[in-house]
Amino acid sequence: MLACTPSPARVPFTRLPASAAPRGDGLSRRGEGVLLLLSAASGAADAFVFLCVGQVFAGVMTGNLVLLGASAAGAGEDGVALRVVTALTAYACGAASGALMARLPLAVVLLAEAVLLGAAAVLWGFGLVPSYGDRLRLLALVSLAMGIQGRARVTPTNYFTGTLTSLAGRAAARELGPGDGWVLGRLGAVVAGAGLAAVTERWWSPGAALGAVVLVAGALALESARRGGWRAGPETGKPRPDRGIQPGRLEGGCDGRSPLGGGLRWVSALRLSPEGLSVRPGGAVPLTPTYR
């Protein structure tokens with residue numbers, strides 16, 4: 001694995017006030033509200049699909065891969081493999097679509113997701129999915145929407161293993177900051193969204209898919225109310241390994257000549273901590289490529 005090791009020279013840093021450090025992925029409280037609503041929507045969508053379509057997930061692809069392996073070994077329900085493959089394929093198509101819409105305003109992306117979830121809610125609510133094939137198409141709609149949501153923001157809102165891992169690591173290192181309250185909020189929102197869908201399915205089954213629609217619509221309303229919500233703009237926040245190196249990220253990232261060609265690489269000298277944002281005057285420090 002390629003890693004970048006800073007050169008031995010000491011690099012002076014200038015401390016900026018904590019108010020300069022963004023929360024979450026660099027958004028305001030309204031933006032954090034959007035993340036909370038989307039996290040709850042992912043929980044509601046997964047609970048609906050698991051309870052009503054049949055023992056698979058619309059957005060948790062790790063769980064679906066486990067189910068696929070168990071099915072290949074002869075365990076689990078009959079037909080689960082086809083449902084898992086449908087969910088995986090639809091989610092991948094949604095993620096690809098989200099990548100193609102990356103330059104569009106977030107409100108447009110959320111509108112597309114809301115339309116897909118709304119179509120699924122109509123099909124389920126009016127009993128238009130009587131056959132197994134119809135339920136597969138319903139599953140594809142919800143998984144497609146979750147794939148789009150997975151690419152909608154820098155901060156993940158429909159898979160949280162990495163979020164929980166990072167939070168536990170910061171807690172163990174005693175590096176928790178004020179923004180971690182929002183992280184806990186997103187984890188709780190997933191549970192709340194799933195609970196909402198489960199309660200609705202139990203007491204009013206035709207409305208089981210509505211929770212995800214309402215929550216995404218709420219996120220869309222918040223994003224639309226934000227100044228410039230329908231205009232595209234660069235995202236800020238932490239780099240995502242699954243998306244490669246992205247410009248504009250606060251922590252910086254390796255760029256420049258490839259170390260495979262024998263050259264040094266450089267990294268923007270920005271460091272985010274619970275106390276604030278540290279910036280090295282001059283903007284970059286040399287890095288020596290190493291492997292580990």
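Table for the structure above
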read-out: Residue within the stretch 138-160 that is touching a Lys or Arg at 6+ places or on another chain (Cβ under 7 Å) and modelled with pLDDT of 95 or more present; value: yes
read-out: Criterion: of a type outside the set (A, V, I, L, M, F, W, C) and in contact with a strand residue (DSSP E or B) (Cβ under 7 Å, 6 or more places away or on another chain) - qualifying residue of 133, 195, 162, 179; value: 179
read-out: Residue within the stretch 69-89 that is in contact (Cβ under 8 Å) with a residue 40 or more places away in the chain and in contact with a Lys or Arg (Cβ under 6 Å, 6 or more places away or on another chain) present; value: no
read-out: Answer from 118, 127 - the residue that is surrounded by 12 or more Cβ atoms within 10 Å (Cβ to Cβ) and in contact (Cβ under 8 Å) with a residue 60 or more places away in the chain; value: 118
read-out: Residues being under 17 Å from the mean Cα position of the chain (by Cα) and among the polar types (S, T, N, Q) - total across the stretch 159-212; value: 4
read-out: Filter result for the condition that a residue is under 26 Å from residue 154 (Cα atoms), at pLDDT below 90 and surrounded by 14 or more Cβ atoms within 10 Å (Cβ to Cβ), over 63, 24, 33; value: 24
read-out: Among residues of the stretch 38-77, those that are more than 13 Å from residue 149 (Cβ to Cβ) and of a type in the set (Asp, Glu), counted; value: 1
read-out: Only one of 263, 228, 207, 256 that is more than 24 Å from residue 58 (Cα to Cα) and at pLDDT 50 or above; value: 228
read-out: Residue in the stretch 38-50 that is of a type outside the set (S, T, N, Q), surrounded by fewer than 24 Cβ atoms within 10 Å (Cβ to Cβ) and at pLDDT 95 or above present; value: yes
read-out: Looking only at the stretch 153-192, and only at residues there that are among the small types (Gly, Ala, Ser) and closer than 23 Å to residue 124 by Cβ, the one that is surrounded by the most Cβ atoms within 10 Å (Cβ to Cβ); value: 189
read-out: Filtered residues of the stretch 156-179 (kept if in a loop (DSSP other than H, G, I, E, B), over 16 Å from residue 190 (Cβ atoms) and not hydrophobic (A, V, I, L, M, F, W, C)); value: 174, 175, 177, 178, 179
read-out: Among (1) under 17 Å from residue 219 (Cβ atoms); (2) in contact with a helix residue (DSSP H, G or I) (Cβ under 6 Å, 6 or more places away or on another chain); (3) at pLDDT below 90; (4) of a type outside the set (S, T, N, Q) - the single one residue 76 does not satisfy; value: (1)
read-out: Tabulated pairs, the stretch 186-209, first without any contact (Cβ under 8 Å) to a residue 24 or more places away in the chain, second loosely packed, with under 14 Cβ neighbours inside 10 Å and of a type outside the set (Lys, Arg), C-beta under 8 angstrom, 6+ apart or interchain; value: none
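The values are calculated or read from the model by the stated rules, or taken from the named source; none is laboratory data. What you see is a predicted model, and the numbers here were worked out from it, not measured in a lab. With ideal geometry, Cβ positions are generated from the backbone for all residues, glycine too; neighbour counts draw on all protein chains shown.
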